[in-house]
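One structure is given below, encoded as structure tokens.
The values are calculated or read from the model by the stated rules, or taken from the named source; none is laboratory data. Note that the structure is a prediction, hence the values are computed from the model and not measured. Methodologically, a virtual Cβ is constructed for each residue, glycine included, from the backbone with ideal geometry; neighbour enumeration extends over all protein chains shown. Ligands, DNA and RNA are excluded from the accessible area calculation, which covers all protein heavy atoms including side chains. Shrake-Rupley method; radii C 1.70, N 1.55, O 1.52, S 1.80 Å.
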Amino acid sequence: MNIHAIVLAAGKGTRMKSSLYKVMHPVCGKPMIEHVVAAVEDLAFHKPVVVIGHGAEAVMHQLGDRVQYAHQQEQLGTAHAVWMCREALENQDGMTIVLNGDTPLVQKETLNQLLSYHQERGAAATVLTAIVDDPTGYGRIIRDESGNVRRIVEEKDATLGQKKVCEISTGIFCFDNRKLFETIPQVSNDNAQGEYYLPDVLAILQEQGCLIGAYAAANPDEGAGVNDRIQLAQMENKLRKRINERHMKNGVTIIDPAATYIEADVVIGLDTVIYPGSYLSGRTRIADGCAIGPNAHILDSVISSRVQVSSSTVVGSKVPMNTIVGPYAFVGGEVQEWQNSDDSQAPKAQMTGGRC
């Protein structure tokens with residue numbers, strides 16, 4: 001079965017109050033769009049299509065030729081954004097996942113479960129839903145008497161009764177690709193926003209007698225988007241917690257996870273202990289049996305086995321085995337593109353202050 005993916009990333013993000021394009025704001029060391037693309041590129045048989053508009057050059061520079069691009073010059077709604085992908089996808093068979101570029105908590109395992117559920121049910125469309133305590137701001141899942149999905153009602157168009165529904169759309173969908181592009185031209189913009197909503201495709205398909213599925217995510221945060229700096233900080237905190245727990249499950253001791261900052265691409269070996277106040281960033285690689293911190297900042301560096309780094313900064317360097325760095329040392333080599341090559345090519349440590 002052909003699997004396609006569309007990532008919607010054309011919005012202005014005005015509430016961020018920033019000159020930086022919204023999906024380019026970093027979460028745990030990587031732009032939001034990178035987290036989303038990473039979640040879909042291993043699932044899709046073809047390069048994901050990223051819909052760009054405002055800030056297009058920044059996104060294209062970040063993602064390069066890993067993806068295809070579709071341009072949405074005017075932001076006329078999510079259905080309109082998907083319609084911009086028709087040149088690449090409308091004549092293709094298979095399933096298409098559609099998701100937003102500002103949802104860095106989405107996981108490929110969940111998307112894979114959504115795909116499997118959609119295929120097993122033989123649905124024309126399936127929405128990833130979530131049950132939340134406060135559904136304010138989200139589209140509500142409206143079901144019929146049999147429990148089947150009838151439609152999705154956006155917050156601004158919902159009645160008082162519909163606003164009490166706590167099952168919400170995450171904004172992540174799976175479609176039969178041909179049915180998707182056959183149906184979008186039938187979507188109307190007769191709503192409070194005057195936009196063409198992608199969820200309206202589900203209502204049209206349902207009226208045509210097609211099966212509409214709904215798969216509930218185990219973690220409602222996976223579809224959560226970022227609209228302002230407050231939500232950005234919340235997203236950072238949640239993803240940092242997930243990263244720290246992954247390392248602990250893999251044999252790393254973190255003394256105080258709430259006071260430890262590990263970015264998404266950092267690799268840490270078995271039996272390494274991370275003490276509070278440590279910030280591990282970039283493409284850092286830490287081997288087995290190290291003691292990092294307290295108050296260590298390590299950026300784009302290779303830390304060999306049984307190294308201790310205390311109250312010190314290591315930038316773009318390789319620290320040899322059994323070395324003690326600090327306290328109060330700075331180890332700095334030139335930051336070079338060595339991370340994907342043999343470790344022997346890494347810049348050697350240049351230390352000022354402290355001890356080695």
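For the range 1-43, a residue qualifies if it is open to solvent by 10 Å² or more (accessible area, probe 1.4 Å), closer than 22 Å to GLN113 by Cβ and not in a helix (DSSP H, G or I), and the qualifying residues are MET1, ASN2, ILE3, LEU8, ASP42, LEU43. The residues in the range 264-276 that are within 22 Å of LYS30 (Cβ to Cβ), open to solvent by 30 Å² or more (accessible area, probe 1.4 Å) and either part of a loop (DSSP other than H, G, I, E, B) or among the aromatic types (Phe, Trp, Tyr) (or both) can be counted, and the count is 1. Taking the criterion of being in a loop (DSSP other than H, G, I, E, B), open to solvent by 30 Å² or more (accessible area, probe 1.4 Å), closer than 26 Å to PHE173 by Cα and hydrophobic (A, V, I, L, M, F, W, C), would at least one residue in the range 226-247 satisfy it? Checked against the condition, which is being in a loop (DSSP other than H, G, I, E, B), open to solvent by 30 Å² or more (accessible area, probe 1.4 Å), closer than 26 Å to PHE173 by Cα and hydrophobic (A, V, I, L, M, F, W, C), the range 226-247 yields no hits at all. When the range 154-192 is filtered for residues that are among the polar types (S, T, N, Q) and in a strand (DSSP E or B), the ones remaining, listed by number, are SER169, THR170.
For ARG151, the conditions (1) at pLDDT below 90; (2) open to solvent by 30 Å² or more (accessible area, probe 1.4 Å); (3) in a loop (DSSP other than H, G, I, E, B); (4) under 26 Å from ARG86 (Cα atoms) all hold with the exception of (3). Looking across the range 277-313 at every residue that is outside any strand (DSSP E or B), touching a strand residue (DSSP E or B) at 6+ places or on another chain (Cβ under 9 Å) and among the hydroxyl-bearing types (Ser, Thr, Tyr), the one that is most open to solvent (accessible area, probe 1.4 Å) is identified as SER310. State all residues of the range 165-206 that are at pLDDT below 90 and open to solvent by 70 Å² or more (accessible area, probe 1.4 Å); if no residue qualifies, say none. Listed by number, the residues that qualify are ASP190, GLN193.
Inside the range 186-210, can you point out the residues that are of a type outside the set (S, T, N, Q) and without any contact (Cβ under 8 Å) to a residue 40 or more places away in the chain? Spell out how you get there, then give the answer.
As a first pass, look at the range 186-210 and keep what is of a type outside the set (S, T, N, Q): 187, 190, 192, 194-205, 207, 209-210.
Passing the criteria: ASP190, ALA192, GLY194, ILE204, GLU207, GLY209.
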